[in-house]
Structures are given as C-alpha cells and as structure tokens.
1. In segment 134-161, what residues are of a type in the set (A, V, I, L, M), surrounded by 17 or more Cβ atoms within 10 Å (Cβ to Cβ) and within 18 Å of Pro24 (Cβ to Cβ)?
2. Quick check on my filter: what residues within segment 149-175 are of a type outside the set (Asp, Glu) and closer than 25 Å to Val65 by Cα?
3. Among the residues of segment 137-148, count how many are among the charged types (D, E, K, R), in contact with a strand residue (DSSP E or B) (Cβ under 6 Å, 6 or more places away or on another chain) and not in a strand (DSSP E or B).
4. What pairs can you find where one residue is in segment 114-139 and more than 14 Å from Leu186 (Cβ to Cβ) and among the acidic types (Asp, Glu), the other is within 11 Å of the ligand (Cβ to nearest atom) and in a strand (DSSP E or B), and their Cβ atoms are less than 7 Å apart, with a gap of 6+ or different chains?
5. Across segment 99-136, which residue is farthest from the ligand (Cβ to nearest atom) among those that are within 14 Å of Thr73 (Cβ to Cβ) and not in a loop (DSSP other than H, G, I, E, B)?
6. I'd like the full set of residues that are hydroxyl-bearing (Ser, Thr, Tyr) and farther than 19 Å from Pro97 by Cβ, limited to segment 129-144.
7. Can you pull out the residues in segment 69-98 that are free of Cβ contacts under 8 Å to residues at least 12 places away in the same chain and within 16 Å of the ligand (Cβ to nearest atom)?
8. When segment 66-105 is examined, which residues are found to be within 24 Å of Asp151 (Cβ to Cβ), touching a strand residue (DSSP E or B) at 6+ places or on another chain (Cβ under 9 Å) and of a type in the set (A, V, I, L, M)?
Amino acid sequence: MPYLLAALLLAAIALALAGCRPEPGSRAGVAARLAAVAEQPAPPERWPGALCYAPVGLPDPVEHVCPDCGAKTLYPCTPRSDGLAVGRAYLVGTLLPECRRLLAEVRDLDVRLDESEFCEKCRPGVASPRITLVVRYPDGRDQRTEEVTPDDLRLLAELTSGALTHEGERESRSPLKDHLPRLETLLGVKPEGGD
Ligand SMILES: [Zn+2]
C-alpha cells in the first residue's frame, strides 16, 4: 500500500510542521508569545508624577445593557456618600466601556467579557458585580479571571500586538515583561520553557 504509506508520511510531516508553528490563539501559541516577551531586553520606564483623581461626570443613574440578554439594569450613583453605589456606577459607566473598547484591540485570541453579574435578569441580586475575562482556547477549556480592569485588557492588547512596553495608568510606562505574572494569570499559560 504505497499510497497509504505516502499519505501517512505527509500527515506526519504536516503534524510536525504544525508543532513548530503553534496557532496564535492556542495555549502553545500563547506560551511562545509570553516566552518571546520574557527574552526581550527591557525598554526604559516612565513613572507618573502626582496621583490625581479626576471627578467623574457620570449620568445618574448609569445604565447597563446586557450583551447577552439585552436587559437594562440601572445603577444610581447618588447619594455620593454611598461608596458602594458610586463604585458600581463608576464600574459600569467608566471601567466597563473602557474594558470593552480595549478587548477589541486584543488580536488572535478568542476573548470575551462576562458581564452577567451586572445584569439584574441574568444574575439577580449581585451586590458587588465584577468584570470577568474569559479566554477560550481551541482545546475547549476556558480561562476565567474575575475582577479584571482596563489595565489587564491593555496588557493583553499589547502582548498580542507584539509590544514590549506597557502603557499603564496615568501615562506610566514599563517593560511588558514586568507584567508577565499577571499575563500568565489572565491567560492561564506559562511561558514556554517555564515550569
Ligand atoms: Zn442579561
């Protein structure tokens, strides 16, 4: 059966080649990318001066529209003395839109946000809703990280676009490799050659 043997040989070669160049969205592809960042020399850092909190001009209430079921959930941010209410409104009105925007900048990875805790219909009665990041791999296993921030999404966008610098909060700048532990947590993957 020379044809069968030839076909098997070709299949083996294809598998070996695929092994050398893992899919960018696979765990092996992510591990290779993390390893590449770890090996790069660190670019110069920049740290912000004074820390300042700009007042947030949020509508009251802030409205959350569930991307899964379309239900609207209202988050009032008054009275201002209610820290939890203001925190939730800030999360819904400022951080969540920022996370959505940055998510669109993540390349080659199947990533989504789980906003269900913000939806009164999907998950009623959650006092402190969290933004959860879901990374879906071809192996079918999801990596979930609760309480992600825009900074986390920015790290993923930077990693997947080949950046070596992290543009952080308040115009700070640091080597992306300094953030590898957080990236490993978000991705559920260690760099190639790591433990
Ligand atoms: Zn919903």
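Bear in mind these aren't lab numbers, they're just calculated from the coordinates by the rules spelled out. For clarity, every value in this text was computed on a predicted model and none was experimentally measured. All Cβ positions, even for glycine, are placed from backbone atoms using ideal geometry, and neighbour counts span all protein chains on display.
1. Val135, Leu153, Leu155, Leu156, Ala157, Leu159
2. Thr149, Pro150, Leu153, Arg154, Leu156, Ala157 - these are the residues of segment 149-175 that are of a type outside the set (Asp, Glu) and closer than 25 Å to Val65 by Cα.
3. 1
4. Taking only residues 6 or more apart or on different chains, the pairs are Glu120/Thr73.
5. That would be Glu117.
6. Tyr137
7. Within segment 69-98, Gly70, Lys72 qualify.
8. Ala85, Ala89, Leu91, Val92, Leu96, Leu103
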